[in-house]
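Asks: Sending over a structure as structure tokens; questions will come in a sec.
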Amino acid sequence: MLRSIAFILPIAAAMPAAAQGCPDLAGATKVESDRYVLYYRTKPEKLAVSQHVAVEMVVCPKDGLPAPESVRVDGFMPEHNHGMNYKAVVKPAGDGRYDAAGLMFHMPGRWDFIFEVRAGGKTDRMTHTVMLQ
Ligand SMILES: [Cu+2]
């Protein structure tokens with residue numbers, strides 16, 4: 001009995017601390033918070049002003065943390081202090097994947113993608129800056 005427990009524990013301790021078994025999203029950009037790792041990629045890949053953009057995301061909880069209750073994505077121009085004119089709709093696609101549609105960056109310049117992952121009464125906010133010409 002004791003012998004089998006001693007055998008199991010080192011295996012558990014050797015597991016990676018972050019995002020074990022996170023589904024692969026080829027070519028994605030990685031952002032992370034204390035609790036989550038989020039990969040995203042856009043469709044089309046090259047962003048253009050005033051064009052609808054879809055965003056594919058994979059959200060993976062770190063070490064033993066719960067799956068997200070909800071995921072949101074938005075865009076914001078920090079230098080102009082305004083967001084998008086459109087609100088993205090995010091749908092869970094299973095296995096930690098989320099598909100967002102309806103984003104549009106309506107002017108050139110610096111935009112921040114803002115990702116919000118809600119779980120256990122807290123929201124983790126992650127951002128990634130992109131430039132639109
Ligand atoms: Cu602006």
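The values are calculated or read from the model by the stated rules, or taken from the named source; none is laboratory data. Predicted model, so just to flag it, every value in this text is computed and none were measured. Note that each Cβ is placed from the backbone with ideal geometry, even for glycine, and that neighbours are counted across all protein chains shown.
Asks: Exactly one condition in (1) surrounded by fewer than 17 Cβ atoms within 10 Å (Cβ to Cβ); (2) at pLDDT 95 or above; (3) charged (D, E, K, R) is not met by ASP124; state its number.
Replies: Looking at each condition in turn, ASP124 falls short on (1).
Asks: Which members of the range 74-107 meet the condition of being without any contact (Cβ under 8 Å) to a residue 24 or more places away in the chain, more than 16 Å from the ligand (Cβ to nearest atom) and assigned to a loop (DSSP other than H, G, I, E, B)?
Replies: LYS87
Asks: VAL117 versus (1) in contact (Cβ under 8 Å) with a residue 40 or more places away in the chain; (2) assigned to a strand (DSSP E or B); (3) touching a Pro at 6+ places or on another chain (Cβ under 7 Å); (4) within 16 Å of the ligand (Cβ to nearest atom): which is the lone unmet condition?
Replies: The single condition VAL117 does not satisfy is (4).
Asks: Considering every residue within the range 64-72, establish whether at least one is exposed (fewer than 13 other Cβ atoms within 10 Å of the Cβ) and either closer than 25 Å to ALA48 by Cβ or in contact (Cβ under 8 Å) with a residue 60 or more places away in the chain (or both).
Replies: Scanning the range 64-72, I find no residue that is exposed (fewer than 13 other Cβ atoms within 10 Å of the Cβ) and either closer than 25 Å to ALA48 by Cβ or in contact (Cβ under 8 Å) with a residue 60 or more places away in the chain (or both), so the answer is no.
Asks: Given the options ALA28, ALA101, ALA88, name the one that is modelled with pLDDT of 95 or more and crowded, with 16+ Cβ neighbours inside 10 Å.
Replies: On the way: ALA28 fails: crowded, with 16+ Cβ neighbours inside 10 Å; ALA101 fails: crowded, with 16+ Cβ neighbours inside 10 Å.
Just a single option satisfies the conditions, and that option is ALA88.
Asks: Checking LEU47 against (1) part of a loop (DSSP other than H, G, I, E, B); (2) modelled with pLDDT of 95 or more; (3) more than 16 Å from the ligand (Cβ to nearest atom); (4) surrounded by 14 or more Cβ atoms within 10 Å (Cβ to Cβ): exactly one of these is not met. Which one?
Replies: Just one mismatch for LEU47, condition (3).
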